[in-house]
Structure formats: C-alpha cells, structure tokens
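Reading through the structure tokens given below for one structure.
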Amino acid sequence: MNARFRAAAIAVALTVSAACAGNPRAGVIYAHRAPPTERIEVVSVAPGREDVWVKGHWAWRRDDYDWIPGHWARAQAGSREYVPGRWEHDRFGWFWIEGRWR
C-alpha cells in the first residue's frame, strides 16, 4: 500500500511538473517576433517634483506592434522608484512585463 501510494504521488508530481514546463505562462500574450527598436522620445520638463517619466514601449496588438508613447506619472505613495517595463523571451515567444513601483 505504501509503495503504491508513493508511486502514485511521484506520477502526479511528474505530470504536474511536465505540464508547467510545457505550457506558456498563464495570462501572458506572446508575440511571435522580437519588438522593433525603441523610439527616441523627447522628454519634456517634469510637471512636478514627484513625477517620473515612464518611457514609451512597443505593445503587441492584433498580430503587430503598436507604439505606446511615454508619459509622466505621479510617484505612488511609499514608493522609492519606478522599475520600467521590459520585453523578455522564452521558448513560446516574446512577452511584455509591465513596469511597476517599488
């Protein structure tokens, strides 16, 4: 009985780990080609001392890239800095990781 239980537990663990390794990330939209080179943006004077420039980026929309222009954002209370978003790549394609305050 104990050996059967152990074998079943191992089978379940292997199935779960294989499923996780073989599937794309949940909730992530993948692009099948690399994003274009970032555009050069003219950054205006900050509207306030607590405003931070959030640079523009390419977004994957309807099977192509759209440029999302940069903008000024007010720092969130208690945040030290803004970590910019970035494109990353895995075996399923390119995907965008949103910027965040920390």
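The values are calculated or read from the model by the stated rules, or taken from the named source; none is laboratory data. These numbers were taken from a predicted model, which means no experiment stands behind them. Cβ coordinates were reconstructed from backbone atoms using ideal geometry, including for glycine residues, and neighbour counts include every protein chain displayed. Side chains are part of the model used for accessible areas, which takes the heavy atoms of the whole protein and leaves out ligands, DNA and RNA. Shrake-Rupley method; radii C 1.70, N 1.55, O 1.52, S 1.80 Å.
Here are some notes:
- Filtered residues of region 45-54 (kept if open to solvent by less than 70 Å² (accessible area, probe 1.4 Å), farther than 28 Å from Asp90 by Cα and either in a loop (DSSP other than H, G, I, E, B) or not charged (D, E, K, R) (or both)): Ala46, Gly48, Val52, Trp53
- Subset of region 57-88 that is hydrophobic (A, V, I, L, M, F, W, C) and more than 22 Å from Val45 (Cβ to Cβ) - its residue that is most open to solvent (accessible area, probe 1.4 Å): Ala77
- Taking region 92-102 as the range and being at pLDDT 95 or above and in a loop (DSSP other than H, G, I, E, B) as the test, the residues that pass are Phe92, Glu98, Gly99.
- Selection of region 55-89 for residues being over 21 Å from Arg25 (Cα atoms), in a loop (DSSP other than H, G, I, E, B) and either of a type outside the set (Lys, Arg) or at pLDDT below 95 (or both) yields Gly56, Pro69, Gly70, Ala75, Gln76, Ala77, Gly78, Ser79, Arg80, Glu81.
- Matching residues in region 39-66 - criterion: being among the hydroxyl-bearing types (Ser, Thr, Tyr) and under 22 Å from the mean Cα position of the chain (by Cα): Tyr65
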